Amino acid sequence: MKDIYQELEWRGLICQATDSDHLQPWLMEGSRTVYCGFDPTADSLHVGSLVPLMYLRRFQQFGHRPIALVGGATGMIGDPSGKSKERNLLSEEALRANVAGMEKQMRAFLDFDGPNAAQLVNNYDWMSEFSFLEFLRVIGKNAPVNVMLAKDSVKNRLETGLSYTEFSYMLLQAYDFVHLFRSFDCRLQIGGSDQWGNVTAGIDLARRMDSVQLYGMTCPLLTKSDGTKMGKTEDGTVWLDPTRTSPYAFYQYWIGVDDGDVGNCLRMLTDLNREEIESLDAARQQNPEEKASQRRLAESLTELVHGKTGLEAARNATKTLFAGGPLAQMDESQLAEISADVPSLELSRAELEAGISLIDALRLSGLVESNSVGRRTIQEGGAYVNNHRESDIKRTLTPADLLGDSMILLRRGKKKYALLRFAS
């Protein structure tokens, strides 16, 4: 077996590990089963999910068998780890929709066929069979309260308030590890560093219930060099679902990653080998303005998440939008491609024929928050119509501005675009 532990170390993906002196050789002895849990708080995974997804993917690439666990049961409670207050409880219907959306996305990262095929499981399938009394008798009696209180995920919430519901979350996740050991001989759980308390709780519960040695390993959370989480923009979370975050916007997010963060992203989030990543590191030191690392990162992740078609759409939109020249030569099909990957607003043709002020258009499209901000943006030279800078605050959009038969492209600054579409 290839040394997965060594691979994870050079990529900076090992934050904590239990009994590492035994864990590393144990992983070399043969194909092992490893699992990672995902919280179904939305119907799509997001950028923060990429690290654990790639974690599982790497284990599979090294010959191990991954299990992706979707927390249909634990999602009904909410993990208190890293939270300052209790989450709103989701309905069963919302959870089912979220689980279905996440399952579909996971299949882009993991191979569910072949000799070490991935497994997709939902802990609702076994936790829903427990009565409350049975849960207390089977699991609760094996969980010392003093051990639970010592976990950071619990200690950090005691002062702000922690319900019994959230307090029990640790036991549910701990039993997941026991169940997966019994059903799949799964002996290793991985996750983000904020899950360390839950991981070790599962190891402790398995030791008490089955007298077995299990292992745990965590990776760093995806953060910027200033310590803040990655995956957020002015518009909110960067999602893997193309209807929430378009392939173009996803691609542009990675193009915009700082030089100080892109090296870690290449190691933690891509399949690129060590030689290529270190070559990109060297090129970035000598010619940072070329953004070679960011382009390679954006290409790799966009293709992985959105496929070759999504990557091509993102590239085409980027090439068109950042060319900076006139767009009058574009045909309707090219404009339609951009409209799918850029925020758009539909208005009536009658409104355009009556004339729409550029200030109103900037506000209606969401590029500015108010008319006063729109006026200031135009005065400062930051407003563009079809890639032409506009400096007249009295500028009005008319049918003469149309690209093709029905579209006008607005821009604020260098990177914020919106497409106006006019229906008859």
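Every number in this text was worked out from the coordinates using simple rules, so none of it is lab data. Quick caveat: nothing in here was measured; it's all calculated off a predicted structure. Glycine also receives a Cβ, built like all others from the backbone with ideal geometry; neighbour counts cover every protein chain displayed.
Tabulated data
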read-out	value
Amide proton proximity set for THR233, modelled H, under 5 Å, gap of 5+	VAL238
As computed over the chain, the Cα convex hull volume per residue (Å³)	173 Å³
Cα-based helix-to-principal-axis angle, 196-210 vs the chain, degrees rounded to 10	30 degrees
For the stretch 332-423, alpha-carbon Rg over 2.2 N^0.38 Å	0.98
Between 0 and 90°, nearest 10: helix 50-61 axis offset from the chain longest Cα axis	60 degrees
Inter-site label distance for SER91 and GLU278 at 7 Å from Cα along Cβ, in nm	5.6 nm
Which of GLN252, LEU69, ASN273, positive extreme of dipole for the chain (C-beta unit charges)	GLN252
Burial ranking of peptide ranges 176-182, 343-349, 403-409 (average Cβ count within 10 Å, highest at the top)	176-182, 403-409, 343-349
For LEU397, residues with placed amide H under 5 Å, excluding near neighbours	ILE356, SER357, LEU358
Choice from VAL145, VAL342, VAL199 with maximal GNM fluctuation in the chain (Cα, 10 Å cutoff)	VAL145
Proximal aspartates and glutamates to LYS291, defined as alpha-carbon separation beneath 16 angstrom and excluding residues fewer than eight positions away on the same chain	ASP258, ASP259, ASP261, GLU276, GLU278, ASP281, GLU299
Across LYS394/LYS415; LYS319/LYS415; LYS308/LYS415, pairs whose alpha-carbon gap is larger than 21 Å	LYS394/LYS415; LYS308/LYS415
Cross-link table LYS104/LYS224; LYS141/LYS229; LYS2/LYS232; LYS104/LYS414, entries beyond 32 Å C-alpha to C-alpha	LYS141/LYS229; LYS2/LYS232; LYS104/LYS414
The chain: angle of helix 292-321 to the longest principal axis, Cα-based, in degrees nearest 10	20 degrees
Rg and Dmax of the stretch 232-321, Cα atoms only, in Å	12.9, 38
Positive dipole terminus of the chain, leading residue within LEU8, MET407, GLY48 (C-beta point charges)	GLY48
Whole-Hz ³J(HN,Hα) from phi, Karplus 6.51 cos²θ - 1.76 cosθ + 1.60, for the stretch 218-231, glycine and proline x	10, 10, x, 6, 7, 10, 7, 5, 8, x, 7, 5, 7, x
Charge dipole (debye, nearest 20) of the chain; +1 at Cβ of Lys and Arg, -1 at Cβ of Asp and Glu	560 debye
Residues CYS15, CYS265 arranged by fewest to most Cβ contacts within 10 Å	CYS15, CYS265
